[in-house]
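Presented below is the structure to which this report refers.
The values are calculated or read from the model by the stated rules, or taken from the named source; none is laboratory data. The structure presented is a predicted model; accordingly, all values stated were derived computationally and were not measured. Because the Cβ atoms are built from the backbone with ideal geometry, glycine has one as well, and the counts that use them run over all protein chains shown.
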Amino acid sequence: MKKIAVIGAGSWGTALAMALTRSRAAHRVSLWVYETDICESLRTRRVNEVFLPGFEVPKEVEATNDFGEALDGAGIVLGVMPSHHARGLYTKMLPHVKPEMVFVSATKGLDHATLERITQVIEQVVSQKFKPRVAALSGPSFAKEVARGDPTAVVIASKDLELARTVQEEFSGPTFRLYANDDPAGVELGGAVKNVIAIAAGVCDGLGFGFNTIAALITRGLAEMTRLAVAMGGQPRTLAGLAGMGDLVLTCTGGLSRNRTVGVELGKGRKLEEIIGSMRMVAEGVGTTVATVQLAKKMNVEMPITEQMHAVLYEGRAPKEAIRELMERRLKHE
């Protein structure tokens, strides 16, 4: 029976740990938890009251605060931490990782300091000991619905397609289906940048705009995501699939989207600091907006929606002014 170590017990990490207990292959699942109170609650009451309340976590999931215990004997290490903590946590894991392990990143964001994808961060950190085998998992997947057992389809991507297929076989189950892909750049950039577009979609909702506006935003947002991904070595077909269009539609329209929620509140006139201060869970798009704007400038990629969201989030631009700027841009071919 293969052991899988899930690193990070937010809503997404907890839901993935639960999904792995339902996969076709039998697994032991260890869940590394940062917060001692959440770890104790998972051990004694089998519930994550802070990040995923209302769901009983199966007894097959073993919660721990100790990296050594979590990683001991693990064949797959599934990282589900916020992007700004990724480098630090993988560095702390370094004494406990081994060459036979496979590393899967389910973090939907970029390294804020270096603008690198999280699989690149893993490669850099772990290469201090050995060259790691790395894959990325992304796609349209609200944590609560995965935990509930709603049918969900995501993508597992690696430059080593056989590695992606191995993880596909290990993770897939009756309610959680994985598609193998050899384009981690496209998959990770899609998963990161869609959060920025989702903030914009929320702004439109908060301003009271209708379906015309959201449809236009999603379509043009997909164009931005695709331009950046292709500039970074990704494939257009990836952005047309689950990790691109699929995740974008979900995050821009679903009421469970934290990034969309941030945008809704901005559209209603609340300040970013107030919104973030009232949230326990991370809205990845807030930090990813800064990284995406920097990456777009570096790669000379035009991303007007992303630029306007940066102006709203960090430069004090009024949401209505940002929409006006987008609508009055120079006319062009699609």
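Quick notes
- Residue match in region 2-17 (condition: surrounded by fewer than 17 Cβ atoms within 10 Å (Cβ to Cβ), without any contact (Cβ under 8 Å) to a residue 40 or more places away in the chain and either touching an Asp or Glu at 6+ places or on another chain (Cβ under 9 Å) or assigned to a loop (DSSP other than H, G, I, E, B) (or both)): no
- Only listed residue being out of contact with any helix residue (DSSP H, G or I) (no Cβ under 7 Å at 6 or more places or on another chain) and closer than 25 Å to residue 163 by Cα, chosen from 68, 10, 73, 54: 73
- Residues that are of a type outside the set (A, V, I, L, M, F, W, C) and closer than 15 Å to residue 202 by Cβ, drawn from region 311-334: 319, 320
- Whenever a residue of region 305-334 is free of Cβ contacts under 8 Å to residues at least 24 places away in the same chain and surrounded by 12 or more Cβ atoms within 10 Å (Cβ to Cβ), its partners that are β-branched (Val, Ile, Thr) and part of a helix (DSSP H, G or I), lying with C-beta atoms within less than 6 angstrom and at least six residues away or across chains, give the pairs 310/289; 310/293.
- Filter pass, residue 192 being in contact with a strand residue (DSSP E or B) (Cβ under 6 Å, 6 or more places away or on another chain), hydrophobic (A, V, I, L, M, F, W, C) and buried (at least 24 other Cβ atoms within 10 Å of the Cβ): yes
- Identity of the residue in region 285-334, acidic (Asp, Glu) and not in a helix (DSSP H, G or I), that ends up farthest from residue 192 (Cα to Cα): 328
- Single unsatisfied condition, residue 225 versus (1) free of Cβ contacts under 8 Å to residues at least 60 places away in the same chain; (2) surrounded by 24 or more Cβ atoms within 10 Å (Cβ to Cβ); (3) within 30 Å of residue 4 (Cα to Cα); (4) not assigned by TED's automatic domain parsing to the domain that holds residue 6: (3)
- Criterion violated by residue 178 - all others in (1) assigned by TED's automatic domain parsing to the domain that holds residue 111; (2) out of contact with any helix residue (DSSP H, G or I) (no Cβ under 9 Å at 6 or more places or on another chain) satisfied: (2)
- Count - residues of region 97-137 that are within 14 Å of residue 185 (Cβ to Cβ) and small (Gly, Ala, Ser): 3
- Here the condition is being assigned to a helix (DSSP H, G or I), in the same structural domain as residue 254 (by TED's automatic domain parsing), out of contact with any Ser or Thr (no Cβ under 7 Å at 6 or more places or on another chain) and not polar (S, T, N, Q); of 203, 167, it holds for 203 alone.
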